[in-house]
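The values are calculated or read from the model by the stated rules, or taken from the named source; none is laboratory data. Quick caveat, the model's predicted, so the values are computed rather than measured. When we count neighbours, we look across all protein chains shown, and the Cβ atoms used for this are built from the backbone with ideal geometry, even at glycine.
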Amino acid sequence: MKNILKIALLTVTFALFTTVSTAQSTAKEDAMVQTKELQEMAKFEMDKFKPVYEAYVAYNRKLESIDKHIDKTTMAYMEAKAKLDEKFKNDMEPVLNAEEFKVFLKKEKLN
């Protein structure tokens, strides 16, 4: 009877260990897949971030220059600002997808 209980206990322990080991292995594989997806997404986001950031920096520098050198009450200021806004919009359009571009236009009030 004791031998049967020992064998049963060993069998249950082995089954439990196997289940836990399989669950850990599956969790590890899932974590690796998620990590790879996040890395790919981060790379994609960084690829998109760089041109967007550069466009914003160029826009802000040019806007500061316009503000500094042209009187805000003149027609030349309005024309320079409109031309800059149009260039900014044209620089951003190829970088963003259609939905992101719509959000960008609303946010920047360029539509």
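So which residues in the range 80-110 are exposed (fewer than 12 other Cβ atoms within 10 Å of the Cβ) and more than 20 Å from GLU45 (Cβ to Cβ)?
Answer for the range 80-110, where residues must be exposed (fewer than 12 other Cβ atoms within 10 Å of the Cβ) and more than 20 Å from GLU45 (Cβ to Cβ): ALA82, GLU86, ASN90, LYS106, LYS109.
Here's a check for you: in the range 91-109, which residue that is farther than 17 Å from TYR53 by Cβ and part of a helix (DSSP H, G or I) is modelled with the lowest pLDDT?
LEU105
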